[in-house]
Amino acid sequence: MKTTGRLLALVLGLSIALSACTGDDGGEQDGKGSTGPEPTPSDVVIEPGDSGVYRYANAGLVVTLDLEAGTLEIQNETGRELPKPDFYVLEALDGTQVDGRVESSASVPAGETATFDVVLEGIAAEDIGLVVLLMGQDNYGAFVQQ
């Protein structure tokens, strides 16, 4: 009985000690935690941007697509010639692909800047979800709306 009693006392003592430890020492905050309530999905509002200008920048290549002006400017500092540019957009509601058209598309030599006229039909500006740059057959990825 003495062994059982001692074991019971030990378990009871440990459970009291562990349940009293909450991890809050009542000290100062270290600045790493959040001070306000977490936002809920209903608090977050995402609206389409107001600009028809999109920009792509990566590894010496800067491309600006201005849908309002109907131009695509390519600054090629990649050190190599780039194939003919093209682009497409994905419709924001259902992801439907809408192909853009680069008029008189041509390759862009290394160290040069070229500007092309572009046409995008079949989608309203506010319905654009994503704009993707193509160089030749290669998908270079998404533009960022400015």
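Think of segment 53-145 as a dipole: +1 on every Lys or Arg Cβ, -1 on every Asp or Glu Cβ, centred on the Cα centre; then among Leu93, Gly79, Ala124, Gly79 lies furthest on the positive end.
Around the amide H of Leu130, modelled in the peptide plane, lie the amide H atoms of Leu90, all under 5 Å away and 5 or more residues distant in sequence or on another chain.
Net length available on complete extension from Ala57 to Glu126 is 22.5 nm, with 0.36 nm assigned per residue and the Cα-Cα distance removed. Does segment 53-145 come out rounded, prolate or oblate, given a ≥ b ≥ c as the square roots of the eigenvalues of its C-alpha gyration tensor, rounded meaning a/c under 1.5 and, failing that, prolate meaning a/b above b/c? Prolate is the answer for segment 53-145, as a/c is 1.5 or above and a/b outweighs b/c.
Here's how it looks for Val118: its modeled amide H is under 5 Å from those of Thr71, Leu72, Glu103, which are all 5 or more places away or on a different chain. Taken about its Cα centre, segment 53-145 carries a charge dipole of about 340 debye when Lys and Arg each add +1 at the Cβ and Asp and Glu each add -1 at the Cβ.
We did not get these values from a lab; they are worked out from the coordinates using the rules stated. Predicted model, so just to flag it, every value in this text is computed and none were measured. As a convention, Cβ positions derive from the backbone with ideal geometry for all residues, glycine included, and neighbour counts pool all protein chains shown.
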